[in-house]
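Below: one structure, written as structure tokens.
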Amino acid sequence: MMRRLVFCLLLMIAAVRVDAAAIPGTGIGDVDGPVHAMAVFNRVLYLGGSFTTVYHRNGTANVRNGLAAINLVTGEVTGWDPGVTGTVHALAISPDGRTVYVGGNFSQIGATARSHLAAVEAAGNGTLLNWAPEPDGPVRALALAPDGQTLYVGGSFTTLAAGTVARRNLAAVDAVTGVAHPWVADADDAVEALLLAGDERLYVGGAFSLIAGQLRPYLARLNRASGQADAWNPAPDGVVRAMAAGQGRLYIGGDFTAVDGGPPGSRNFAAALDPAAATPGSVLTAWNPDFNGTVRALALSADGAVLYAGGDFSAVNGGTSRNRLAAVLTGPASADLTAWDPGADQTVRVMLAEDAGGQLLVGGDFTDIASDPSPDPRTGLAMFAIGPPVTRADPPPGGYQSAQSVTLSCEDNGGGACSAIYFTTDGSAPQAVPAQLYSGPITIGADTLLKFFGVDGEGNVEVVRTAAYFIDNTPPVVSASLPGGAYGSADLQPVTLQCDDGGGSGCDRIYFTDDGTPPTTASLVYAVPLELDLLLGSGAGQLTLRFFAVDNAGNQSAEEQVVYDLDLAPPLVFSSLPDGTYPAPQTVSLRCDDGPGTGCAVMYYTTDGSAPSDGTVRDVQGNLIPPSPVYTEPLVLSSATMLNVLVIDNAGNRNTVIAGIYAFTREEDRERTAGAVPLWFSGVLLLWYAGRRFRYRFSAGSGAWR
């Protein structure tokens, strides 16, 4: 009962706020003759009918005989042009989108003879495939199995395969080879509609009384594997021409006026059936839109809330004007006609709900859509936006420093006005109940989680939207992860700028400068930890960070400043004695230069080629090397020496260098060895004197000369 009251409330609101002139068909282009069939794959619309020209929505004409394809995104009429001699009544597309199956009353595709049923490539210009089941009469309905292997064919024929296979009005053929399956479910009169539902069931509608050997007037449900009709038998009293399934229901449209043995006039031209119910008894008695003329096409919205109908009728619901197009809510109420009223001037023959774009595609004999105020005709083809509405909050969600008056506005993708908006401010999910109906601006004076949704004139329900508002007049606090001070490369860390807004609206951005100038909202925006060595750009110097934060309510923190004295370059060591061969002894002085840095602290040295250590250096085995001598005064050298130095500055920067490589001659051999040249190659020092050769090899592992 409550649900019925809600639907009635929506309809009353819709009736007041929506009019037909507000629901124009959106541009898709036109054709110059009737459209009987549609199929969509990957946002491309394939059309079949008896037209000869298809127009781009910009007016460009394209010759297309009975078959055409339109890109739904761009409106372009594609190069797909199989060309048919006759009329196309049915289309189906393979699951992989490569093949389009074409049924109708035609004799050839392009220049090739092909009777009533054919397959063409979906890409390119639509090349005809070598697939020819050859029924001997018109095909009016197609249904392709989900696996793409079997095509069910309905129409007004008696044989397949050029008269060699008997199949009356209904057949199953191999979708790859075109060969007729042994499946036999002959109907004694024309089949007008086919619908696959579930893995095992095929619904068949038409003008027949007997099908698969059973009395099933106008509507039957067959087993796809066996072709047998099950016990379900709603028995409408006239031809079934259209079907749609959703949410556990089967909707039918056609020429009937009663279903399930009811009196004539009890169910005019449309009905909702329960596929799980016994018959009689399958008709859903509470749902009765009561059309006054034939329903030829049906399509359900993506959420199953609205059933769109097209045909030859001019009134619905016992007299409400609806010319050949109507939208009916699928809820339990009996008077559930929506305000959607485009109005076609002639018969509507086919409808297709294209979920990806939220569009309803309509084809038929019409030459205009009454609700379209443009001077352009809508000949044979029209498109309507039928997606759920979109509701927006103004001002948008976020943080504010004072109370806000929030307005909710709803835009109906169907082109009309929304019928209602529902909301809550306590974080709970809103419901379509009068107590939560939006009627005017909402005052928000504290932190609020606003939730809302809209309902359009067709009953499409928007997903619940959430908007978080924060009332915040307290500024945030900022800080740096590394305090100011002197740093060398050993203890330098990336600097993280941190913002804390407490329980406020949350931090939005941190602005900073690294050159000591005051930051503004035009300054750099902090995004990742700051590498001070990269910002400094040199080995040593002073770097000043200045920064502030802004929260989501626009509150600005106090500015903070942090100064870093950086010495990131290691010191250098210079020897007073260059590499070479000298008479012994020689005095060597060492000098440390730290440039603009913090100054040299200490120098450790070795003269045997080993690695110098300050007590923290480890050898290749991981053992600590004892501290080496500290340089305090000039060194006197008298034998082959490799002088290694470890120098450390006051910022902790370290540098290990070879200060010099020296060789010495003995006193008695000086004359003969004058001018001797030391050779250093691959870690080996070779000295020649007095006709003898001495070799010294430096071992990196032990740090010694041998």
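The values are calculated or read from the model by the stated rules, or taken from the named source; none is laboratory data. Keep in mind it's a predicted model, so treat the numbers as computed, not measured. Neighbour counts run over all protein chains shown; Cβ positions are idealised from the backbone, glycine included.
Quick notes on this one:
- Some residue of segment 114-121 being in contact (Cβ under 8 Å) with a residue 60 or more places away in the chain and either of a type in the set (Val, Ile, Thr) or surrounded by 19 or more Cβ atoms within 10 Å (Cβ to Cβ) (or both): no
Okay, residues lined up against (1) under 18 Å from residue 130 (Cα atoms); (2) among the aromatic types (Phe, Trp, Tyr); (3) crowded, with 24+ Cβ neighbours inside 10 Å; (4) assigned by TED's automatic domain parsing to the domain that holds residue 365:
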site	(1), (2), (3), (4)
40	no, no, no, yes
46	no, yes, yes, yes
52	no, no, no, yes
57	no, no, no, yes
61	no, no, no, yes
74	no, no, no, yes
83	yes, no, no, yes
95	no, no, no, yes
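- Residue identified as within 20 Å of residue 33 (Cα to Cα) and buried (at least 17 other Cβ atoms within 10 Å of the Cβ) among 358, 310, 387: 310
- Every residue from segment 576-593 that is among the acidic types (Asp, Glu) and either within 30 Å of residue 527 (Cβ to Cβ) or part of a strand (DSSP E or B) (or both): 593
- Candidates 244, 286, 258 - the one that is of a type outside the set (Ser, Thr, Tyr), within 17 Å of residue 316 (Cβ to Cβ) and modelled with pLDDT of 95 or more: 244
- In a residue-by-residue description of segment 395-412, the property of being of a type in the set (D, E, K, R) and part of a strand (DSSP E or B) applies to at least one position.
- Of the residues examined, residue 528 is not one that is closer than 21 Å to residue 496 by Cβ, under 39 Å from the mean Cα position of the chain (by Cα) and surrounded by 12 or more Cβ atoms within 10 Å (Cβ to Cβ).
- Residues satisfying the stated conditions in segment 354-379, i.e. under 35 Å from the mean Cα position of the chain (by Cα) and either among the basic types (Lys, Arg) or modelled with pLDDT of 80 or more (or both): 354, 359, 360, 361, 362, 363, 364, 369, 378, 379
- Matching residues in segment 213-227 - criterion: being modelled with pLDDT of 95 or more and touching a strand residue (DSSP E or B) at 6+ places or on another chain (Cβ under 7 Å): 214, 216, 218, 219, 220, 221, 222
- Qualifying residue in segment 187-195 (condition: of a type outside the set (Gly, Ala, Ser), surrounded by fewer than 19 Cβ atoms within 10 Å (Cβ to Cβ) and either modelled with pLDDT under 95 or farther than 17 Å from residue 233 by Cβ (or both)): no
Every residue, every condition in (1) assigned to a loop (DSSP other than H, G, I, E, B); (2) out of contact with any Lys or Arg (no Cβ under 6 Å at 6 or more places or on another chain); (3) under 30 Å from residue 536 (Cβ atoms), yes or no:
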residue	(1), (2), (3)
422	no, yes, no
439	yes, yes, no
451	no, yes, no
470	no, yes, no
479	no, yes, yes
493	yes, yes, yes
504	yes, yes, no
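- Sole residue being assigned to a strand (DSSP E or B) and exposed (fewer than 14 other Cβ atoms within 10 Å of the Cβ), chosen from 573, 620, 562, 636: 636
- Residue satisfying all of: in segment 191-212; assigned to a loop (DSSP other than H, G, I, E, B) and either of a type outside the set (A, V, I, L, M) or in contact with a strand residue (DSSP E or B) (Cβ under 6 Å, 6 or more places away or on another chain) (or both); nearest to residue 273 (Cα to Cα) among these: 198
- Residue within segment 132-145 that is of a type in the set (D, E, K, R), under 21 Å from residue 44 (Cα atoms) and in a loop (DSSP other than H, G, I, E, B) present: no
- Close pairs from segment 198-226: first within 19 Å of residue 246 (Cα to Cα), partner of a type in the set (Ser, Thr, Tyr), Cβ under 7 Å, at least 6 apart: 202/152; 205/218; 221/203
- Test result for residue 553, touching a residue at least 40 places away in the same chain (Cβ under 8 Å) and not in a strand (DSSP E or B): yes
- Matching residues in segment 312-348 - criterion: being touching a residue at least 60 places away in the same chain (Cβ under 8 Å) and in a strand (DSSP E or B): 327, 329, 337
- Only listed residue being modelled with pLDDT of 50 or more, assigned to a loop (DSSP other than H, G, I, E, B) and small (Gly, Ala, Ser), chosen from 652, 675, 701: 652
- Scanning segment 268-317 for residues that are over 37 Å from the mean Cα position of the chain (by Cα), under 29 Å from residue 387 (Cα atoms) and of a type outside the set (A, V, I, L, M, F, W, C) yields a count of 11.
- Candidate set: segment 147-173, residues that are touching a Leu at 6+ places or on another chain (Cβ under 7 Å) and farther than 15 Å from residue 211 by Cβ; chosen: the one surrounded by the fewest Cβ atoms within 10 Å (Cβ to Cβ): 173
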